[in-house]
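Coordinate-derived values only; no laboratory data. Every value quoted in this text rests on a predicted model; they were computed, and no experiment measured them. Positions of Cβ are backbone-derived with ideal geometry, glycine not excepted, and every protein chain shown enters the neighbour counts.
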Amino acid sequence: MIKTAVCIKQVPAYSDGLMDPNTGLLIRKGLEMVLNPNDLSALETALRIRENYGGKVDVFSMGPKHAEEVIRQAYAMGADEGFLLTGKEFAGADVLATSYTLSQGISAVDDYDLIICGKGTTDGDTSQVSGALAEWLGIPHVNWVSGIKKLSQKTIQLCQEMEGELYTVKATYPLLIAVEREIYTPRMTNLKMKIAAKRKPVKTLRLQDLKDQKEIHYGLKGSATRVEKIFPAKENRSDTEPIRDAAGAIEELAMLLKPYAAGRKAKQRVDE
Amino acid sequence: MESDKIIAMEDQYRDYLSDESGMTGTAGSISFPESEDELRSIFLTMKQGGTPVTIQGGRTGIVGGAVPDGGHIINMSRLNKLHKLEFTDSGAALLEADPGITRLELTEGIQKLKGGHALFWPPDPTEPSASLGGIIASGAQGISTGLYGRTEEHIEAVRIMDSEGNFRTVQRDDTDFGAVYFGSEGRYGIITKVRLRLRKKPDSMWGIAFFFEQKADSYQFADMLKEKFGTGKNSSPKSVDAEIHASIAVCEYIDRVSIDLVEERKPYMTKIRSIPDIDSEAAAMIYTEIHGSDEEAVSEIAEELLEISVSCGSDPDKAWAVSGETEIDKMRSFRHAVPESINLLMEKRRKRLPGLLKQGSDMSFPQMGFKELLNLYEKDLQDQQEMQESGLQWTIFGHIRENHLHINFLPETQEQYDLGNELIMSWAERCRKVSGAVIYEHGMGKIRKPLFVNTADSPVLEEMRQRKQKYDPTGLLNKGNSLDD
């Protein structure tokens with residue numbers, strides 16, 4: 001029986017990169033919000049572990065009230081319990097403050113064997129929260145996990161993909177892993193569970209529910225970094241050359257891409 | 001004279017000699033006008049030389065409507081801007097758009113307009129690169145007419161350049177709109193601008209896929225759904241602007257052959273790559289969407305559908321349900337991948353045998369149960385000895401509430417192709433006898449011309465010829481479409 005916590009986040013479905021110049025925060029108003037696609041893979045990993053080895057899958061999210069929607073989506077995929085860390089004190093958090101808040105929330109609920117994060121979010125895109133969270137929790141972490149090979153009550157064997165090489169890593173619990181998006185194809189939300197999810201409670205965790213209640217450790221106040229500017233990459237049309245001949249396009253594209261093709265050698269090592 | 005805009009046909013433009021039907025035509029020159037003035041100048045140049053012109057949009061049509069039959073091609077793809085979005089005193093949202101804009105560009109463009117993020121244009125023929133002009137010219141309808149009504153109900157006006165090079169605006173209520181310009185495949189004039197009627201996006205949208213291990217169970221589900229929720233024609237809101245509390249917007253049938261074709265192509269299709277494989281036991285899939293302003297009411301309809309599906313043998317643990325635009329878009333992309341995958345398969349087969357054009361039906365049989373309709377098709381497809389001996393493959397997908405199914409044949413030989421055509425003709429005659437629509441949304445183009453001519457009443461054909469004589473007496477516009485004049 002493995003107790004798993006999955007961190008999920010609600011993110012904009014797309015963004016023009018518009019930023020509030022006063023706060024340095026992304027403008028999310030008016031944008032459709034979705035469950036971070038990389039977190040779907042994390043959740044799918046957890047659900048498959050539960051299906052094969054038993055246990056429970058809880059989800060944690062930090063965000064405003066409407067972030068409840070992603071927890072309900074997680075319920076519709078099969079998550080057991082969901083916790084929303086919410087409150088104005090948590091707003092505007094960077095990696096440091098976000099990971100700390102999540103660590104406080106997770107610790108307040110249970111001692112989990114496994115914590116699973118996605119590779120990164122599509123909005124912040126730092127991919128740093130998973131490692132920072134593990135540090136706050138004082139547990140080891142393994143990033144770039146591309147597969148679960150074997151699992152027992154005491155140990156887990158993972159595939160880790162680094163720089164074109166494949167490693168097999170064996171670790172004990174408690175452990176945090178950050179999974180690659182392609183690890184598993186996430187299941188679709190189930191209709192029966194989606195209907196039930198509307199009535200299933202989402203537990204709210206506020207500052208007063210956490211062990212550390214000092215506001216200065218959370219949100220914008222607890223952040224070590226400030227975003228100065230967000231802007232979409234500028235297109236440099238002077239370097240572009242249109243390919244006009246459809247017939248020759250494939251050959252021309254292949255020639256252009258050849259220098260960038262990485263030859264992948266999968267080399268397996270077992271590290272314990 | 002816009003002689004510098006008129007380009008002699010060269011190898012690099014050979015793609016413009018075809019459309020999605022697989023048919024290839026001929027043309028001596030091509031142009032890409034970027035304004036009405038350029039269009040007029042090019043057309044009058046051609047008219048002076050007696051050169052027929054074929055008007056093209058996105059070339060996504062499947063009946064050869066955009067395939068040139070000699071002469072000059074005028075490709076409208078560079079007339080692709082959005083113009084004014086205005087809100088009338090009555091609260092209507094009207095958007096002026098160029099005809100060359102694609103369905104996808106239109107959807108994305110509306111979001112970027114001031115006040116546009118809460119609006120959408122309901123007609124959805126599923127092909128994202130279909131041009132607005134092409135949608136109007138072919139009379140395309142799409143998958144949500146059952147709730148939102150027909151495409152023409154969402155068009156306020158069209159601006160037309162006639163065969164003299166003069167421009168005029170035709171309102172939707174004008175007789176000419178429906179009788180002359182909508183669905184007429186460019187035979188009577190060239191669309192240069194369109195005024196669209198947008199609507200407020202539904203606050204809540206659910207997309208639900210049900211799977212059935214027996215096809216017969218899916219037919220029963222379809223009939224029960226139609227009985228409970230109507231066919232849409234009576235339940236559509238009276239006004240295009242009326243709020244929708246909660247209603248079924250989409251109801252599509254997809255058979256196993258189509259599912260397999262999509263899954264084979266899925267790894268190469270970005271939008272649907274993340275959709276998991278469908279259980280191999282599923283013989284058919286029915287995809288529905290529920291739209292409305294009331295999330296609770298939408299959820300209640302979903303529950304009712306779930307109950308009906310269970311009573312028809314569908315496993316409730318396997319039904320998918322998504323919500324929100326992004327996820328709904330993914331499911332619609334899956335649905336659109338069906339004809340796309342068929343087209344790609346046939347393109348491959350055409351390399352061996354060029355005459356194997358897109359071969360599918362576009363008929364709507366009214367006043368008939370869904371099960372009854374499928375049994376009718378299957379009797380011909382499965383039970384006939386000739387079909388069994390020929391080895392001709394086929395697949396069925398389409399719109400349940402309109403009894404509007406696309407039977408697509410997948411021939412590998414000329415004999416199989418000919419057999420498919422015979423069957424389509426026999427169904428067309430049967431459809432006509434029960435006052436069904438033989439050609440519902442794809443247009444006649446050049447490929448379905450024989451089907452149309454052989455099943456339409458003589459007065460209808462004569463009226464079309466007279467109309468051609470009136471609006472395009474020199475016969476230069478889109479020669480060969482619909483019927484030979």
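What fraction, in whole percent, of alpha-carbon pairs in the protein assembly as shown exceed 51 Å separation? Within the protein assembly as shown, distances greater than 51 Å cover 20 percent of Cα pairs. Please compute the net charge surrounding B:Phe212, taking Lys and Arg as +1 and Asp and Glu as -1 over other residues with Cβ under 11 Å from its Cβ. With Lys, Arg at +1 and Asp, Glu at -1, the net is -3. Exposure proxy for A:Asp110, A:Asp123: other Cβ atoms within 10 Å of each Cβ, ordered fewest to most, give A:Asp110, A:Asp123. Between the helical axis of B:458-471 and the longest alpha-carbon principal axis of chain B there is an angle of about 40 degrees. Run the helix sum for the protein assembly as shown: -39,500 (n - 2.57) per DSSP H stretch of 4+ residues, divided by residue count, reported at 222 nm to the nearest 500 deg cm²/dmol. That comes out to -9500 deg cm²/dmol. Footprinting exposure proxy ranking of B:Arg14, B:Arg199, B:Arg350, fewest other C-beta atoms within 10 angstrom first, gives B:Arg14, B:Arg350, B:Arg199.
For chain B, the equivalent ellipsoid built from the Cα gyration tensor has semi-axes of 36, 28, 20 Å, listed from largest to smallest.
By the count of other C-beta atoms within 10 Å, a proxy for reagent exposure, B:Arg401, A:Arg181 are ordered fewest to most as A:Arg181, B:Arg401.
For the residues A:Gly164, A:Gly138, A:Gly147, a GNM of chain A with alpha-carbon springs under 10 Å puts the largest fluctuation on A:Gly164.
FRET efficiency for the pair A:Lys150 and B:Glu463, taken as 1/(1 + (r/R0)^6) with r the Cβ-Cβ distance and R0 = 60 Å, rounds to 0.20. Amide H contacts of B:Glu156: B:Arg195, B:Leu196, B:Arg197, each under 5 Å away and 5 or more positions distant or on a separate chain (H built 1.01 Å from N in the peptide plane; Pro and chain starts excluded). Computed 3J(HN,Hα) for region A:167-178, one whole-Hz value per residue from the Karplus formula 6.51 cos²θ - 1.76 cosθ + 1.60 where θ = phi - 60°, is 10, 9, 10, 10, 9, 9, 8, x, 8, 10, 10, 10, glycine and proline marked x.
Would you kindly state how much longer the chain becomes between B:Thr474 and B:Glu243 on full extension, computed as 0.36 nm times their sequence separation minus their alpha carbon distance, in nm to one decimal?
Values: separation 231, 0.36 × 231 = 83.16 nm, distance 4.68 nm.
Stretched out fully, the B:Thr474 to B:Glu243 stretch lengthens by 78.5 nm.
Just need log10 I(q)/I(0) for region B:309-365 at q = 0.12, 0.26, 0.29 Å⁻¹, Debye formula, equal scatterers on the alpha-carbon atoms, no solvent, rounded to two decimals. With one equal scatterer per Cα and no solvent, log10 I(q)/I(0) is -0.55, -0.99, -1.06.
Angle of helix B:295-311 to the longest C-alpha principal axis of chain B, folded into 0 to 90 degrees and rounded to 10: 60°. Remark: region B:77-88, residue by residue, has Karplus-estimated 3J(HN,Hα) of 5, 8, 9, 9, 9, 9, 10, 6, 10, 10, 10, 7 Hz, where x stands for each Gly or Pro and the curve is 6.51 cos²θ - 1.76 cosθ + 1.60 at θ = phi - 60°. Using a simple spin-label model with pseudo-atoms 7 Å out from Cα toward Cβ, A:Ala108 and B:Lys371 lie 5.6 nm apart. Neighbours of B:Gly64 by Cβ distance under 13 Å: Lys/Arg scored +1, Asp/Glu scored -1, total +2. Pairing the Cα long axis of helix B:325-352 with the longest principal axis of chain B, what angle in degrees results, from 0 to 90 and rounded to the nearest 10? The angle comes out near 70 degrees. Relative contact order for chain A: 25 percent, from Cα pairs under 8 Å spaced at least 6 residues apart, divided by residue count. Say R0 is 30 Å: what FRET efficiency, to the nearest 0.05, do B:Arg352 and B:Lys379 get from their beta-carbon distance? FRET efficiency, B:Arg352 to B:Lys379: 0.45. Counting, for every residue in B:323-334, the Cβ atoms of other protein chains within 10 Å of its Cβ and taking the mean gives 3. Every Cα-Cα pair of chain A was included, and the share exceeding 25 Å stands at 51 percent.
Could you order peptides B:377-390, B:100-113, B:261-274, B:123-136 by the average number of other Cβ atoms within 10 Å of their residues, highest first?
In decreasing order of mean packing, B:377-390, B:100-113, B:261-274, B:123-136 become B:123-136, B:100-113, B:261-274, B:377-390.
Computed from backbone phi with θ = phi - 60° and the Karplus coefficients 6.51, -1.76 and 1.60, the 3J(HN,Hα) list for region A:132-147 is 5, 4, 4, 4, 4, 7, x, 10, x, 9, 10, 9, 6, 6, 10, x Hz; x is used for glycine and proline. The calculated FRET efficiency for the pair A:Arg226 and B:Ser274, based on their C-beta separation and a Förster distance of 30 Å, comes to about 0.30.
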